[in-house]
Structures are given as structure tokens and as C-alpha cells.
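Taking it in order: structure first as C-alpha cells, then the write-up.
The values are calculated or read from the model by the stated rules, or taken from the named source; none is laboratory data. Everything numeric here is computed off the predicted structure, so don't read it as measured data. Positions of Cβ are backbone-derived with ideal geometry, glycine not excepted, and every protein chain shown enters the neighbour counts. Ligands, DNA and RNA are stripped out before the accessible areas are found, and what is left, the full protein with its side chains, is counted by its heavy atoms. Shrake-Rupley method; radii C 1.70, N 1.55, O 1.52, S 1.80 Å.
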Amino acid sequence: MKVTFERVIPDEKSSFRTIHNNSPISEFKWEYHYHPEIELVCVISGSGTRHVGYHKSNYTNGDLVLIGSNIPHSGFGLNSIDPHEEIVLQFKEEILQFPQQEVEARSIKDLLELSKYGIKFHRN
């Protein structure tokens, strides 16, 4: 499978990019790609196959995934059927900088370190 570089352009007057995919799946691109931006994906509705790095799994309604910088991944929706809706947030790690004395700084740094492998958040 060929991996392509995706150039992410932030939204106007913003430091990140948001995407709301709510089109028929026949209009989605499922290319295997990478980019330096971190990506947070929330699947509002849909189910199908997800590829993140070397990991292949299924996703369902409500899945939330954090994909680290430069991890090859495909768009969600492969092998899915309509309706498919997702919200994607793409941002550079630098926008999450906090003073070292802040308690949250360590937790966020740890989370970003784990995201280098991809993180699927689980419901309680």
C-alpha cells in the first residue's frame, strides 16, 4: 500500500484545522497518508475498518481516536456503508504548550507521547 504525504493547511485565522465529514462514503478518500499534525477523530455515526500505523481494526459509532504525528493512517470509512459522519481536528503539537509548573503539562505531554502509537479512547 502506497503512503502519501498530506499537507494540512490550518483553517483561516486558526492554528488548527477542523473537518466535518458528512457526505456519502462514495465521496470520501480512503488514501493511506501521513502528516506532521496530530489528529483527533470522532466518529459520530458509522462503522467500518480503521488503519492506523500497522494496526487494523474496526470502528463504530462514537469512537474517538488520537493519531500522533507522522503516523501513516487511512481515512475512516473503508468497508463502511452510509451514513458515515466524523469530525476531525488536526493540529501541531506546539499549540499544546503549557508552563512546566502546571500539573496538566505532564499529563498532556504523556498523552502526546502515547499518541505516537495511536490511542483509541474507550467508553466507561
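At a glance:
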| item | result |
| --- | --- |
| Theoretical FRET efficiency, 1/(1+(r/R0)^6), r = Cβ-Cβ of V103 and N22, R0 35 Å, to 0.05 | 0.40 |
| Sparsely packed chymotrypsin sites (Phe, Trp or Tyr not before Pro) within region 10-100, loop by DSSP, other Cβ within 10 Å at most 14 | Y54 |
| GluC sites (Glu not before Pro) within region 1-86: DSSP coil, no more than 11 neighbouring Cβ in 10 Å | E12 |
| Residues of the chain: accessible area per residue with a 1.4 Å probe, Å² | 66 Å² |
| Span from the region 77-124 Cα centroid across to the region 12-65 one, whole angstrom | 12 Å |
| Inter-probe distance in nm under a simple model that places probes 7 Å from Cα toward Cβ, at V3 and L111 | 2.5 nm |
| Distance (nanometres) between label positions extended 7 Å along Cα→Cβ at I87 and E12 | 2.2 nm |
| Residue-by-residue Karplus 3J(HN,Hα) for region 91-99, coefficients 6.51, -1.76, 1.60, Hz, glycine and proline x | 8, 7, 4, 4, 6, 9, 8, 10, x |
| The chain, relative contact order in percent, only Cα pairs under 8 angstrom and at least six apart counted | 31 percent |
| With every protein chain in place, the chain: carbon and sulfur % of accessible area (1.4 Å) | 54 percent |
| Which listed pairs, of K13/K120; K13/K56; K2/K56; K13/K92, have C-alpha distances above 26 Å, in listed order | K13/K120; K13/K56 |
| Along the chain, longest interval not containing exposed trypsin sites (Lys or Arg not before Pro), exposed being DSSP loop plus at most 10 other Cβ atoms within 10 Å | 30-122 |
